[in-house]
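Quick notes on the structure that follows.
The values are calculated or read from the model by the stated rules, or taken from the named source; none is laboratory data. Bear in mind the structure is a predicted one, so any value in this text is a computation, not a measurement. Don't worry about glycine lacking a Cβ; one is built from the backbone with ideal geometry, like all the others, and counts go over all protein chains shown.
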Amino acid sequence: MSYDRAITIFSPDGHLFQVEYAMEAVKRGAAVVGVRGSDCVVLGVERKAVAQLQDPRTIRKIAKLDDHLMIAFAGFTADARVLIEKARIDAQSYSLTIEDKPSIEYMARSFAQMQQRYTQRGGVRPFGVSSMIAGLRANGNPALYLTDPAGTFSEWKANAIGGRNEKAVKEYLEKGWSEGLAEADAINLSIKALLEVVDSGAKNIEVAVIRKDGTVFISEERLTETIKQIETEKEEAKASATTVME
């Protein structure tokens, strides 16, 4: 047990327990889904219920990194806020120095480096946050990157982090994703994946679409309509399956 008391000490079998505890904190957070389409990236998040007198706009799981980049995170909101502020400053510094916008690869690497620094120094703890960074490359192609508390980053076509049923959501995305997804199909796939862990409809889901012309948040009315269509399709599929069995 003594090996989990300091971030700088490896256990005999090669573990850094504090980093693994941070990853466990991410799993207990709200679910986040990212899907890359042919000309856009869709980020969907599970919104936890807020107190009746609380302003829901103050609790956002999708944030802006730069004019062309968005981030969604799972884990501790306070930790994410610190990382996002640091990343925004880094993006502005890059723009002032290079006189060009930072690429999504650069921002994903920079974000991961900030997280990795907190895994190798005494007196600090790892950030309990995993994130998805979505945006467009200079050539206009969409991209989706994922970072974790260990400081690793990687590119994905679709993925899910956080939530009580993360494995099932990932399996659903693996089955549902295909090359060249249109925007509407990418949105539907994101919502269907979130419905694997979200119980009560549109009020607990937030979806953002990152396009060439900017970022658009899907309205609650459209989310409600899409969820109704998905539920209708499920009921029809069940009815047809029952008929075939009979």
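For this structure, a couple of remarks:
- Just so you know, in region 72-93 the residues that are outside any loop (DSSP other than H, G, I, E, B) and in contact with a helix residue (DSSP H, G or I) (Cβ under 7 Å, 6 or more places away or on another chain) include one that is surrounded by the fewest Cβ atoms within 10 Å (Cβ to Cβ), and it is Lys86.
- Scanning region 114-127 for residues that are assigned to a loop (DSSP other than H, G, I, E, B) and surrounded by fewer than 24 Cβ atoms within 10 Å (Cβ to Cβ) yields Tyr118, Thr119, Gln120, Arg121, Gly122, Gly123, Val124, Arg125.
- Any chance Lys101 is under 15 Å from the mean Cα position of the chain (by Cα) and either within 26 Å of Gly163 (Cβ to Cβ) or surrounded by fewer than 21 Cβ atoms within 10 Å (Cβ to Cβ) (or both): no
- Residue count for region 109-134, restricted to those that are of a type in the set (Val, Ile, Thr) and modelled with pLDDT of 95 or more: 2.
- The single condition among (1) part of a helix (DSSP H, G or I); (2) loosely packed, with under 14 Cβ neighbours inside 10 Å that Asn139 does not meet is (1).
- Filter result for Val169 (assigned to a loop (DSSP other than H, G, I, E, B), closer than 23 Å to Glu220 by Cα and of a type outside the set (Lys, Arg)): no
- Test: residue in region 190-204 that is farther than 25 Å from Arg57 by Cβ, in contact (Cβ under 8 Å) with a residue 60 or more places away in the chain and surrounded by fewer than 14 Cβ atoms within 10 Å (Cβ to Cβ): no
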